[in-house]
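The values are calculated or read from the model by the stated rules, or taken from the named source; none is laboratory data. Every value quoted in this text rests on a predicted model; they were computed, and no experiment measured them. All Cβ positions, even for glycine, are placed from backbone atoms using ideal geometry, and neighbour counts span all protein chains on display.
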C-alpha cells in the first residue's frame with residue numbers, strides 16, 4: 001500500500017481550526033479583535049457610557065475634546081463619545097438585519113435558479129438585472145421614501161438592493177456543482193432534489209458567500225448612515241452615525257470639527273473591519289483549509 | 001548529451017519544505033529514448049520542469065547539476081533559457097487542451113514559436129506552420145491551420161502540441177504523460193507518431209509516464225522513480241523479467257496483461273485464493289432497445305442507439321468503449337440518474353425505465369442499484385468527512401441512527417480496508433486510494449443487488465488500481481453483488497468480468513464471454529482496441 005501513514009491524533013476541531021486561522025494571518029486576528037470591540041460596544045455600550053446620549057446641557061455646548069468629554073460635546077451639549085458608542089448598536093443592528101435578509105432571500109433565489117435552470121432562471125435573472133440597473137442608493141432612497149420613514153424600511157431597502165449580489169453568487173456556485181460527482185452520489189443515497197441542494201450543494205457555496213457577507217456588512221452600514229445623512233430613516237435626536245455626521249457637518253466651517261469627525265471615524269473603522277474580516281471568515285468556513 | 005548529477009528540488013509550502021526530488025543522476029545519449037516511470041508524487045514531472053526551469057512558485061533547484069551539451073541549465077541566464085526552450089529542448093504536456101491557447105488558431109500558435117526562434121519570417125511562417133502540421137500527420141493541414149483548439153479532438157490537439165514542440169527542430173523532447181486521458185487507439189497513434197518523428201530526426205527524448213507497459217514499448221531505457229529517488233534503471237525487457245527493487249517488482253506485478261488472473265496484480269505474498277462468485281441463470285437486468293437522444297445545438301445527438309443486453313444475477317459484465325461511445329450515458333440511465341428516450345429496463349422483474357429519475361431517490365428500489373463513480377475526488381462532498389459520506393446512504397435509505405449507524409460505518413470501513421482513524425478526515429486529507437475506498441464503502445453500504453462501477457480505477461496509480469480491483473473481487477464474493485464494470489480498458493475488464501459488451505458510437509458492436517472476446521474477437525473495432533493496448537514484455541517467472 002502506498003497510502004499515507006495513518007496519524008492517530010484526532011483531527012482538529014472547529015475551535016482548533018479557528019485558532020489556527022487567526023494565528024496564520026495577523027490581519028485576520030486584527031480584524032477579529034476590532035470586530036469584537038464593535039460587538040462589545042454594541043452590546044454593553046449603552047450601559048457603560050459616561051453620559052446619557054440624549055441629555056442636553058446648554059452650558060457645555062460645543063466643547064472641544066477634553067478629559068471630561070473625550071470627543072467633545074455638540075451644539076446642545078450632548079456628549080459626542082457617548083452618542084458615538086450608543087449608536088453602534090443601532091447601526092450594527094440595521095446592517096446585520098439587512099444582510100441576513102438579503103443573504104437568505106438571495107440564497108433561496110440563486111440556488112433555485114442555479115439548480116433547476118430553465119425559465120425560472122431566466123425570469124429571476126432579468127428581475128435581478130432590473131434591480132441592478134438602478135443606481136442602488138437612489139433605489140434605496142426611493143424605497144424608504146415610498147414605504148415610510150422607519151428603521152424597518154431602511155432594513156428592507158438595504159436588503160433589496162443587496163439581494164442581486166447574493167443571488168448571482170449563489171447561482172454561479174450552485175450551477176457549477178449541480179452535476180458534480182458528489183451531487184450524483186447524494187441522489188443515489190436517497191436524497192431528494194431539495195435535500196441535495198440544501199445539504200450538499202449550498203454549503204459548498206459558503207466560503208465565497210462569507211466574503212460577500214462581510215463586505216456587504218460594511219456597505220450596509222454605509223448605506224444606512226447615508227440614508228440618515230440625507231434625512232431618511234433614523235430621525236434625530238436618536239444617536240446614529242449618519243445623522244451625527246450630517247449635523248456635525250454644519251459646524252466644521254466654524255471650527256468645531258469633532259462633531260462630524262468622530263462619528264465619521266467610527267463609521268470608517270466599522271467598514272474597514274468588515275472588509276478585513278472577509279478573508280478570515282472564508283478560511284474558517286472552508287474545510288479545505290483544515291490541514 | 002544531457003547529464004544530470006545529484007539533482008535535488010524542493011518546494012516551500014505552508015507546512016514547511018517538501019523535498020520533491022532528492023538527488024538523482026542520469027545521462028541521456030544522443031538518439032536515446034529514456035522512460036521515467038513512477039506513480040503520482042514520485043517527482044518525475046518535477047524533474048522535467050526543473051530541467052526546463054519552469055518550476056512552480058516556491059520550487060527551486062536546491063543542489064546538483066544539469067548539463068545539456070555543455071550548457072549548465074541551472075546557472076544559465078533566464079534570457080538564454082528562453083532561447084533554449086523550444087529550440088534545443090521542448091516539451092509536450094499532459095493535457096493538450098490546457099496546453100493550447102483556447103482563443104488562438106492552432107496555426108498561429110505554431111507560428112509564434114517559429115517566429116520566436118527566428119525560424120520563419122512574416123512571409124513564410126504560414127507555409128512553415130502548415131508543413132509542421134503535415135509532419136505530425138494531420139490530414140488537410142491547410143484547413144486545420146485555421147481551426148481553434150476546441151474544434152479538434154483530444155488526439156488532434158496532442159498532435160498540434162507535438163507540432164509546436166517539434167517546429168524548431170529541438171534536439172531533446174520531453175513528453176510528460178503525453179497520452180494520459182486519450183483513448184487507447186489514439187494513444188497508440190500519438191505514441192507511434194512521436195516515436196517515428198524522434199527516430200527520423202535523430203532526437204533524444206524523455207518520456208514521463210505512470211504506465212510501465214507504455215514505457216517498455218516505446219523506450220530504450222527505463223528509470224523507475226519513487227519518492228524523489230531513482231530506485232532502478234535499465235533495459236525494459238530486463239526491468240520486466242528481472243526487477244531488482246521491491247517497488248519495481250510491485251509495479252511490474254500491478255501492470256495488467258492478458259491471460260493472467262486478478263490476483264497476479266498483487267505482490268506474491270499478498271495473493272490469496274480468489275473467492276468464487278456464483279452466477280445464477282436468472283436474469284437480474286434486461287435492457288431492450290434502449291435509446292437516448294440529447295437535444296444538441298446542431299440537431300439531435302444520438303448518444304445511445306437502441307442497445308439490448310441482459311445481465312444474470314451474480315454475473316460481472318464489462319461495458320467497454322472509448323470516450324463518446326455512450327457507455328457513461330448507458331450507466332447513468334441504468335442507475336436512474338437520467339431518463340431514457342425509449343426502451344425498457346427490466347430490473348428484478350420490474351420495469352424501471354418508466355419511473356422518472358427525478359423521484360427515484362425515494363423509490364424502494366433505490367438501495368438496490370448503486371454506483372461507484374469514476375473520479376473519487378469529485379464524487380465526495382468536500383465538506384463531509386469520510387464518516388459522513390459512508391453514513392449518508394445508511395441514514396437516508398437505511399434509517400440507521402446513533403450507535404448502530406456508527407457501528408455499521410466502522411464495519412464498512414473495515415470491509416473496504418480503510419483505517420478507522422481516517423473516518424474523521426475530509427476528502428482533501430485522504431489519498432486517491434483512500435478516497436476510492438470511501439466511495440466503494442458508500443456504494444456497498446446498503447448491500448445493493450446491482451452495482452455499476454464507472455471506471456473506478458481510471459484516476460488511480462497502477463499499484464492502487466491493483467488493490468482496488470482485488471477489493472472489488474472480494475466484495476463481489478462476500479456480498480453476492482452483480483457488477484456492470486464500465487471501462488475503456490479491455491485488459492482491466494478481462495481481469496474482473498465474465499461477460500463483455502463492446503460499444504461504439506452508441507451501439508453494441510460485440511458481446512460475449514470474456515475469454516472468447518479477448519482471444520477471438522469477431523468485430524474489427526474490438527480487434528483494434530485489443531491491438532492498441534501496450535504489450536508489456538514477459539514477466540519474470542515465479543519459482
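Structure above, values below:
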read-out: The listed residue being at pLDDT 90 or above and under 20 Å from residue A:285 (Cα atoms), out of A:201, A:155; value: A:201
read-out: Filter result (surrounded by fewer than 20 Cβ atoms within 10 Å (Cβ to Cβ) and either within 30 Å of residue B:329 (Cβ to Cβ) or within 14 Å of chain B (Cβ to nearest Cβ) (or both)) within region A:152-176; value: A:172, A:175, A:176
read-out: Hits in region A:63-95 - residues which are out of contact with any helix residue (DSSP H, G or I) (no Cβ under 7 Å at 6 or more places or on another chain) and within 30 Å of residue A:214 (Cβ to Cβ); value: A:81, A:82, A:90, A:93
read-out: Per-region count, region B:360-384, residues facing chain A (nearest Cβ under 7 Å), touching a strand residue (DSSP E or B) at 6+ places or on another chain (Cβ under 8 Å) and in a helix (DSSP H, G or I); value: 0
read-out: Unique residue being assigned to a strand (DSSP E or B) and at pLDDT below 90 when the list is B:84, B:61; value: B:61
read-out: Region B:426-485 - residue that is assigned to a loop (DSSP other than H, G, I, E, B) and within 15 Å of the chain's Cα centre (by Cα) and, of those, farthest from the other protein chains (Cβ to nearest Cβ); value: B:457
read-out: Lone unmet requirement of (1) assigned to a strand (DSSP E or B); (2) buried (at least 18 other Cβ atoms within 10 Å of the Cβ) for residue B:293; value: (2)
read-out: Some residue of region B:402-425 being within 27 Å of residue A:174 (Cβ to Cβ) and within 7 Å of another protein chain (Cβ to nearest Cβ); value: yes
read-out: Residue that is surrounded by 17 or more Cβ atoms within 10 Å (Cβ to Cβ) and over 19 Å from the mean Cα position of the chain (by Cα), where the choices are A:71, A:134; value: A:71
read-out: Residue list for region B:309-338, filter: within 14 Å of chain A (Cβ to nearest Cβ) and either touching a helix residue (DSSP H, G or I) at 6+ places or on another chain (Cβ under 9 Å) or crowded, with 24+ Cβ neighbours inside 10 Å (or both); value: B:332, B:333, B:334, B:335, B:336, B:337, B:338
read-out: Output for region B:451-478, where each listed residue is without any contact (Cβ under 8 Å) to a residue 60 or more places away in the chain and under 24 Å from residue B:337 (Cα atoms); value: B:457, B:472
read-out: Residue check, residue A:190 outside any helix (DSSP H, G or I) and either under 30 Å from residue B:396 (Cβ atoms) or within 14 Å of chain B (Cβ to nearest Cβ) (or both); value: yes
read-out: Among the candidates B:40, B:25, B:3, B:45, residue that is outside any strand (DSSP E or B) and within 20 Å of residue B:204 (Cβ to Cβ); value: B:45
read-out: Selected residue [crowded, with 22+ Cβ neighbours inside 10 Å and either over 17 Å from residue A:248 (Cα atoms) or within 15 Å of the chain's Cα centre (by Cα) (or both)] from A:99, A:108, A:39; value: A:99
